[in-house]
Amino acid sequence: MLPDYHFHTEFSGDSDTAVRDQLNAAIALGMDSLCVTDHHDYDVESIIDFILDIDPYMQTMAQIREEYKDRIDLRIGIELGLQVHLQDYFKELLDRYPFDFVIGSTHFINRTDPAYPSYFIGKKEEDVYLHYFETTLDNVKALDDYDVIGHLDYIVRYGPNKNKYYSYRAYSSIIDEILKTVIEKGKGIECNTAGLRKGIGQPNPSFDTLKRYRELGGEIITIGSDAHIPQDIGSDFETVRQILMDCGFTYYTEYKNRIPEFKKLF
Ligand SMILES: [Zn+2]
Ligand SMILES: [Zn+2]
């Protein structure tokens with residue numbers, strides 16, 4: 001079973017799941033290792049509190065890692081909500097805490113959450129999608145404090161028509177620029193399976209973007225469910241194993257102490 005490199009627990013503002021329940025679900029599936037990545041979106045306007053209480057988080061995870069060490073190898077990560085103006089803040093944060101792995105996700109556009117239908121009112125869906133990719137490009141260019149970019153085309157989960165009119169081709173120039181920047185910086189992307197659960201029939205990013213990333217020389221790829229409940233741990237991992245093989249990947253990536261480890265995909 002591929003290791004789950006993106007899941008949340010009660011340390012995230014949008015999950016009530018106990019850490020041990022997530023680990024037990026992974027063990028039941030036969031997973032040998034996984035990486036917890038709770039949310040930390042600093043300086044945003046949100047009704048949900050996405051600020052991670054990092055000291056207790058690190059302490060609790062280190063304790064549980066020890067407790068579970070004979071059953072599963074827990075790596076300790078974080079999902080940072082990227083924003084260009086937080087450059088110095090992120091640097092200090094990652095100097096201070098010994099994370100194994102950092103996902104950099106674009107969740108907010110101009111400090112506002114586009115994951116609500118109200119965000120799209122009075123806007124053209126294609127314009128919001130483009131603006132989301134522009135924001136992502138600004139983030140990946142300006143910032144270095146991440147290992148992989150989370151759920152690259154995540155915005156297509158939230159438009160009124162979701163991904164009905166969306167394709168890699170329609171945004172290929174900006175997506176290519178994002179992918180090239182990530183590759184040049186020695187960073188990676190993730191394949192996030194939540195889109196498959198949420199009924200859009202694709203992981204994030206989509207097949208064509210994953211394939212393009214590989215064509216451009218992209219090698220670092222982690223796999224994550226983005227589970228907020230135990231039932232979603234490892235969801236659709238066999239489907240994405242096949243998708244990644246079809247895109248030309250032979251390895252996937254795990255991280256320890258922020259250093260990538262390449263493992264055979266099949
Ligand atoms: Zn996310
Ligand atoms: Zn997440």
> Do the conditions hold for ILE259, that is, is it β-branched (Val, Ile, Thr) and within 16 Å of ligand 1 (Cβ to nearest atom)?
Replying inline: no
>> Can you pull out every residue in the range 12-34 that is within 14 Å of ligand 1 (Cβ to nearest atom), surrounded by 17 or more Cβ atoms within 10 Å (Cβ to Cβ) and touching a residue at least 60 places away in the same chain (Cβ under 8 Å)?
In response: SER12, SER15
> Taking interchain pairs and intrachain pairs at least six residues apart, which have beta carbon atoms under 6 angstrom, with the first residue in the range 155-169 and at pLDDT 95 or above and the second among the aromatic types (Phe, Trp, Tyr) and assigned to a loop (DSSP other than H, G, I, E, B)?
Replying inline: VAL156/TYR166
>> Condition first: under 18 Å from VAL140 (Cα atoms) and hydrophobic (A, V, I, L, M, F, W, C). Now tell me which residues in the range 164-222 satisfy that.
In response: ILE174, ILE175, ILE178, LEU179, VAL182, ILE183, ILE189, CYS191, LEU210, LEU216, ILE220, ILE221
>> Test of understanding: among ALA25, ALA62, which residue is farther than 29 Å from ALA115 by Cβ and of a type in the set (A, V, I, L, M)?
In response: ALA62
> Between residues in the range 82-101 that are closer than 18 Å to ILE51 by Cβ and surrounded by 11 or more Cβ atoms within 10 Å (Cβ to Cβ) and residues that are at pLDDT below 95 and not aromatic (Phe, Trp, Tyr), which pairs lie under 8 Å by C-beta distance while being six or more apart or on different chains?
Replying inline: none
>> Quick test of your reading of the structure: ARG71 fulfils all but one of (1) within 21 Å of ALA26 (Cβ to Cβ); (2) buried (at least 17 other Cβ atoms within 10 Å of the Cβ); (3) among the charged types (D, E, K, R). Name the failing condition by number.
In response: (2)
> Of THR112, THR136, which residue is in contact (Cβ under 8 Å) with a residue 12 or more places away in the chain, of a type outside the set (Phe, Trp, Tyr) and within 14 Å of ligand 1 (Cβ to nearest atom)?
Replying inline: THR136
> Limited to the range 173-224, what total is found for residues that are assigned to a helix (DSSP H, G or I), buried (at least 18 other Cβ atoms within 10 Å of the Cβ) and within 16 Å of ligand 2 (Cβ to nearest atom)?
Replying inline: 3
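Determine, yes or no, whether THR17 is within 15 Å of ligand 2 (Cβ to nearest atom), in a loop (DSSP other than H, G, I, E, B), within 18 Å of ARG75 (Cα to Cα) and under 18 Å from the mean Cα position of the chain (by Cα). Outline the logic, then answer.
On the way: within 15 Å of ligand 2 (Cβ to nearest atom): yes; in a loop (DSSP other than H, G, I, E, B): yes; within 18 Å of ARG75 (Cα to Cα): yes; under 18 Å from the mean Cα position of the chain (by Cα): no.
So THR17 fails the test.
Residue-by-condition table, conditions (1) more than 16 Å from ligand 2 (Cβ to nearest atom); (2) among the polar types (S, T, N, Q); (3) assigned to a strand (DSSP E or B):
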position: GLY30; (1), (2), (3): yes, no, no
position: LEU34; (1), (2), (3): no, no, yes
position: THR37; (1), (2), (3): no, yes, yes
position: ILE48; (1), (2), (3): no, no, no
position: THR60; (1), (2), (3): yes, yes, no
position: GLN63; (1), (2), (3): yes, yes, no
position: ASP70; (1), (2), (3): yes, no, no
position: GLY77; (1), (2), (3): no, no, yes
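Output the residue which, of all residues in the range 133-164 that are among the hydroxyl-bearing types (Ser, Thr, Tyr) and surrounded by fewer than 23 Cβ atoms within 10 Å (Cβ to Cβ), is nearest to ligand 2 (Cβ to nearest atom). Walk me through how you get there before you give the answer.
Kept after step one, since they are among the hydroxyl-bearing types (Ser, Thr, Tyr), are these residues of the range 133-164: 135-136, 146, 154, 158.
Checking the rest, the ones that are also surrounded by fewer than 23 Cβ atoms within 10 Å (Cβ to Cβ) come to 135, 154, 158.
Details: THR135: 17, TYR154: 9, TYR158: 14 Å.
Once the filter is applied, the top-ranked residue is TYR154.
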> Could you say which residue among ILE155, ILE183, ILE174, ILE189 is within 14 Å of the chain's Cα centre (by Cα), of a type outside the set (D, E, K, R) and farther than 21 Å from GLN242 by Cα?
Replying inline: ILE155
> Across the range 231-266, what is the number of residues that are surrounded by 18 or more Cβ atoms within 10 Å (Cβ to Cβ) and assigned to a helix (DSSP H, G or I)?
Replying inline: 6
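The values are calculated or read from the model by the stated rules, or taken from the named source; none is laboratory data. The shown structure was predicted, so the numbers you read here are calculated from the model rather than taken from an experiment. Positions of Cβ are backbone-derived with ideal geometry, glycine not excepted, and every protein chain shown enters the neighbour counts.
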